[in-house]
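Laboratory data are not the source of any read-out in this text; all were calculated from the coordinates shown. Quick caveat: nothing in here was measured; it's all calculated off a predicted structure. Counting neighbours? That spans all protein chains shown, and the Cβs are built from the backbone with ideal geometry, glycine included.
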Amino acid sequence: GGIITQTPKFLIGQEGQKLTLKCQQNFNHDTMYWYRQDSGKGLRLIYYSITENDLQKGDLSEGYDASREKKSSFSLTVTSAQKNEMAVFLCASSIARGDTEVFFGKGTRLTVV
Amino acid sequence: QQKVQQSPESLTVSEGAMASLNCTFSDGTSNNFRWYRQHSAKGLEVLVSIFSDGEKEEGRFTAHLNRANLHVSLHIREPQPSDSAVYLCAVSITGNTGKLIFGLGTTLQVQP
């Protein structure tokens, strides 16, 4: 079995700050995803990447950048943190084709003061 | 755009009694449906993935899919207090099995 590791687990930022979240997977999966989870709004897709150096926008990409530096890693940058923002960011991965499982990391909890 | 709704919002059952959760979706062309469990401050654990109409069992968890009725359910047999968690229904976006639309979840409490 594999694992998805997200760092940091907790992130406290200041309004206007640029913040970077990191994700590593050892499944050797092709596709990786970043989802945002807000209380009362469920999970929404921010960005995904189907291979190294590929980047595709999800429904919530405004205000974020992402980078797939290599197959095993996918990072997400909050370009300007919003005051009082609180959310959990979940990284996921899957094989590119077919009806396959999507596995999730344990998340990074963001608080902006 | 696919919409996914879950009911009930919260559910309390006694240990050992069957728990039933519901999920409706708006676009029947999606080809796969998943149930995830999320314990507080933890990631998502996939419970059952179902791709065809009918039933699929994974241990104590059984999913029923009825694409014509735009409905997928999850039944938990003999629930235990450790099953207390948020249960999320996820529907794939047609053409990309990894892009998921999630419901808001059902919070399940299992009382000893």
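Just give me the residues in segment B:35-49 being surrounded by 15 or more Cβ atoms within 10 Å (Cβ to Cβ) and within 10 Å of chain A (Cβ to nearest Cβ), in sequence order.
Passing the criteria: B:Tyr36, B:Gln38, B:Gly43, B:Leu44, B:Val46, B:Ser49.
Would you check which residues across segment B:1-21 are part of a strand (DSSP E or B) and either within 25 Å of A:Ala87 (Cα to Cα) or free of Cβ contacts under 8 Å to residues at least 60 places away in the same chain (or both) and list them?
Selection gives B:Val4, B:Gln5, B:Gln6, B:Ser7, B:Ser10, B:Leu11, B:Ser20.
Which residues, counting only those in segment B:34-68, are touching a residue at least 24 places away in the same chain (Cβ under 8 Å) and not aromatic (Phe, Trp, Tyr)?
Those that are touching a residue at least 24 places away in the same chain (Cβ under 8 Å) and not aromatic (Phe, Trp, Tyr): B:Arg34, B:Arg37, B:Gln38, B:His39, B:Ser40, B:Leu44, B:Leu47, B:Val48, B:Ala63, B:Leu65, B:Arg67, B:Ala68.
State the number of residues belonging to segment A:1-54 that are within 17 Å of B:Lys99 (Cα to Cα), surrounded by 15 or more Cβ atoms within 10 Å (Cβ to Cβ) and not polar (S, T, N, Q).
15
Within segment A:36-55, which residues are without any contact (Cβ under 8 Å) to a residue 60 or more places away in the chain, under 21 Å from B:Ser40 (Cα atoms) and in contact with a Phe, Trp or Tyr (Cβ under 8 Å, 6 or more places away or on another chain)?
A:Arg36, A:Gly42, A:Leu43, A:Arg44, A:Leu45
Being surrounded by 17 or more Cβ atoms within 10 Å (Cβ to Cβ) and over 23 Å from A:Ala92 (Cβ atoms) is the filter here, so list the residues in segment B:54-63 that pass it.
Selection gives B:Thr62 alone.
Out of all the residues in segment A:16-43, which are in contact with a Gly (Cβ under 7 Å, 6 or more places away or on another chain) and more than 19 Å from A:Thr100 (Cα to Cα)?
Scanning segment A:16-43 gives A:Leu19, A:Cys23, A:Gly42.
In segment B:55-107, which residues are within 13 Å of chain A (Cβ to nearest Cβ) and of a type in the set (Asp, Glu)?
Correct list: B:Glu58 only.
I'm checking my understanding of the structure. Among residues of segment B:22-34 that are assigned to a loop (DSSP other than H, G, I, E, B) and facing chain A (nearest Cβ under 10 Å), which one is farthest from A:Arg44 (Cα to Cα)?
Applying the filter and picking the extreme gives B:Asn31.
Test each condition in (1) in contact with a Lys or Arg (Cβ under 7 Å, 6 or more places away or on another chain); (2) within 16 Å of B:Leu11 (Cα to Cα); (3) surrounded by 13 or more Cβ atoms within 10 Å (Cβ to Cβ); (4) touching a residue at least 60 places away in the same chain (Cβ under 8 Å) for B:Leu104 and report the one that comes out false.
The number of the failed condition is (1).
Looking at (1) assigned to a loop (DSSP other than H, G, I, E, B); (2) within 14 Å of another protein chain (Cβ to nearest Cβ); (3) not polar (S, T, N, Q), find the lone condition where A:Arg36 falls short.
(1)
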